[in-house]
Each structure stands twice: as structure tokens, then as C-alpha cells.
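Structure first, then comments.
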Amino acid sequence: HFFHEILKSNLSVSNFVDSDFVSINQNLAQYYGFENVSGAQFRKVSLPADSKRGGLLAQASIMWANSTGIKSHPIKRGVWLASKILGTPPPDPPPGIPEIDETDPKFKRLSLIEQLKAHREYASCVDCHKKIDPWGLPFESFGADGLLKTDPIAHTAKLPDGTNIQGMDALKHYLLNDRRKDVARSVVANLLSYSIGRELTFQDEASIKTVISKTKSAGYKMQDIIKEIVLCDSFNKK
């Protein structure tokens with residue numbers, strides 16, 4: 001329903017990072033704690049300026065999917081953001097690295113930062129985790145269920161480019177102001193791959209650049225992107 005609203009209204013794909021509305025029905029409104037939404041029908045609901053919702057990053061569905069179901073999981077959430085929002089998926093873990101037993105009482109007593117450090121104790125893991133963990137830390141204001149924690153902590157994260165941010169609002173601001181083109185490129189690449197029914201190759205790079213170039217001036221709007229994908233070489237030579 002959220003995607004449909006962006007498509008129907010030809011909104012910018014920046015709304016996937018942050019938006020001033022959500023698409024909800026009564027059940028979901030009650031889950032989020034919103035009032036005055038009645039009925040099973042999903043509809044666009046405007047958010048107050050100080051809302052912690054908006055965009056995919058703050059959707060409970062995304063945070064549920066990238067958690068253990070019991071605890072929030074900054075690494076899974078970091079991998080999701082790097083892969084789906086920025087289009088830079090980290091490589092698979094190196095072979096032979098045992099998983100940390102997160103049920104170990106000693107591990108549970110560690111702070112979040114200490115737990116993340118434990119995941120980086122192998123030299124072969126450090127470089128990748130430096131590129132993953134900072135993306136997941138801003139999500140720590142939300143629990144596994146995607147609801148705002150009663151005592152949210154805005155952890156400071158040093159992003160791979162050296163930028164320091166604190167909390168979800170700062171992450172959204174960074175993505176929209178410093179990485180907006182990368183977000184748009186990720187959306188274009190995923191839609192192009194879906195539309196031609198295969199994984200992309202280096203030969204599709206020219207089509208991606210063309211779509212990005214032709215939709216930039218209007219703010220990377222969804223309908224515009226789809227039209228340009230249908231006109232691009234990769235789509236017409238599939």
C-alpha cells in the first residue's frame with residue numbers, strides 16, 4: 001500500500017527513506033499507536049512533524065524481518081540498508097568463521113557496542129563489519145517488533161565515509177542529502193532487474209545511468225523512472 005501510494009501519486013523515491021505519511025488501516029494504526037483511523041481499508045495518513053515514522057526505514061515490517069523476532073539486530077538491519085537502500089550489499093561472511101552463541105549469558109551481559117565488537121574479533125571480519133554495523137545502529141531506537149523502545153538510545157555511528165550520525169533522524173537526513181543519488185540508483189536497479197526478469201550485469205550500467213540522468217531534474221519520481229526503464233536499451237533488448 002505504501003509503494004502503491006508512491007506510484008499512484010508519482011512521488012519521489014526519496015519517500016522510501018523518509019515520508020510525511022504512512023499507509024495504514026485501523027489494525028496497523030492501533031499497533032503504531034495512531035488515533036482516529038477506523039476500518040480495514042488502508043489509506044494515506046499524514047504524519048505530525050515530530051513523528052518517528054515515515055519511509056521504509058521506520059516501518060515495523062522491515063524491522064521485524066531484520067531482527068531475531070525477539071531482539072533487534074543491528075547487523076541484519078545494517079545489511080538490509082546497505083543492500084536494498086544503497087545498493088551496496090556486503091560480501092558473504094568468510095568461510096570457517098563460527099557464529100557467536102547469542103544465548104550465552106556472558107554475551108547477553110555485554111552492551112550493544114561490546115556485542116558488535118565481539119562479532120569483529122576475527123581479523124577477516126573487521127573490514128566488512130565496519131561497513132555494516134554503522135548502518136544498523138540508528139535502528140536501535142526500535143525493538144524487534146518495530147515499535148519505539150520505552151528508553152530509546154541514539155547510538156553514535158561512524159559511517160564508512162567518516163560521517164558521524166546519531167539516531168534514525170540523522171540517518172534519514174544523511175541519506176537524503178548525501179546519498180540521494182545512490183538511493184535512486186538502487187531503486188532503478190531493482191526495478192530494472194524485476195522488469196527484465198534477470199540479474200543485472202555490467203552491460204546494464206549504461207541503462208541505469210540513462211534512467212538516473214533523465215529523472216534527476218524532477219526529483220526521481222516513480223512514474224518517471226518506470227517510463228524511462230521501459231524506454232531503455234536493457235528493457236528493449238531483453
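The values are calculated or read from the model by the stated rules, or taken from the named source; none is laboratory data. Since the model is a prediction, treat every value here as computed from it, not as a measurement. Glycine gets a Cβ as well: all are built from the backbone with ideal geometry, and neighbour counts include every protein chain shown. For accessibility, only protein heavy atoms count, side chains too; no ligands or nucleic acids. Shrake-Rupley method; radii C 1.70, N 1.55, O 1.52, S 1.80 Å.
Annotation: extensible slack from residue 198 through residue 35 equals 54.4 nm (criterion: 0.36 nm per residue apart, minus Cα-Cα distance). Neighbours of residue 152, meaning other residues whose beta-carbon lies under 9 angstrom from its beta-carbon, give a summed charge of 0 when Lys and Arg score +1 and Asp and Glu score -1. Probing with 1.4 Å while keeping every protein chain in the model, the per residue accessible area of the chain equals 57 Å². Shape call for the range 1-58 from the C-alpha gyration tensor, a ≥ b ≥ c root eigenvalues: rounded (a/c under 1.5), prolate (a/b greater than b/c) or oblate? Judged from the Cα gyration tensor, the range 1-58 comes out oblate (a/c at least 1.5, b/c at or above a/b). Over 21 Å apart at the Cα level, from the set 84/149; 181/214; 84/172, are 84/149. Averaging the sequence gap over all C-alpha pairs within less than 8 Å and six or more residues apart, then dividing by the number of residues, gives the range 129-231 a relative contact order of 17 percent.
Just from its helices, what would the mean residue ellipticity at 222 nm be for the chain, if runs of 4 or more DSSP H residues each count -39500 (n - 2.57) and the sum is divided by every residue, rounded to the nearest 500 deg cm²/dmol?
Estimated from H runs of four or more residues: -12500 deg cm²/dmol.
Dividing the mean sequence gap of close Cα pairs (under 8 Å, 6+ apart) by how many residues the chain holds gives a relative contact order of 21 percent.
Explain nothing, just the number: relative contact order of the range 1-98, from Cα pairs under 8 Å at least 6 residues apart, as a whole percent.
Computed value for the range 1-98: 21 percent relative contact order.
Between residue 164 and residue 176, what is 0.36 nm times their sequence separation minus the Cα-Cα distance? Round to one decimal in nm.
Values: separation 12, 0.36 × 12 = 4.32 nm, distance 1.53 nm.
So the extension gain works out to 2.8 nm.
Evaluated with a Cβ-only charge set (Lys, Arg +1; Asp, Glu -1), the chain carries a dipole of roughly 540 debye about its Cα centre, given to the nearest 20. Maximal additional length on extending the residue 50-residue 20 stretch stands at 9.8 nm, based on 0.36 nm per residue less the C-alpha distance. How much of the accessible area of the chain, probe 1.4 Å, is carbon plus sulfur, in whole percent? For the chain, the apolar C and S fraction of the accessible surface comes to 52 percent.
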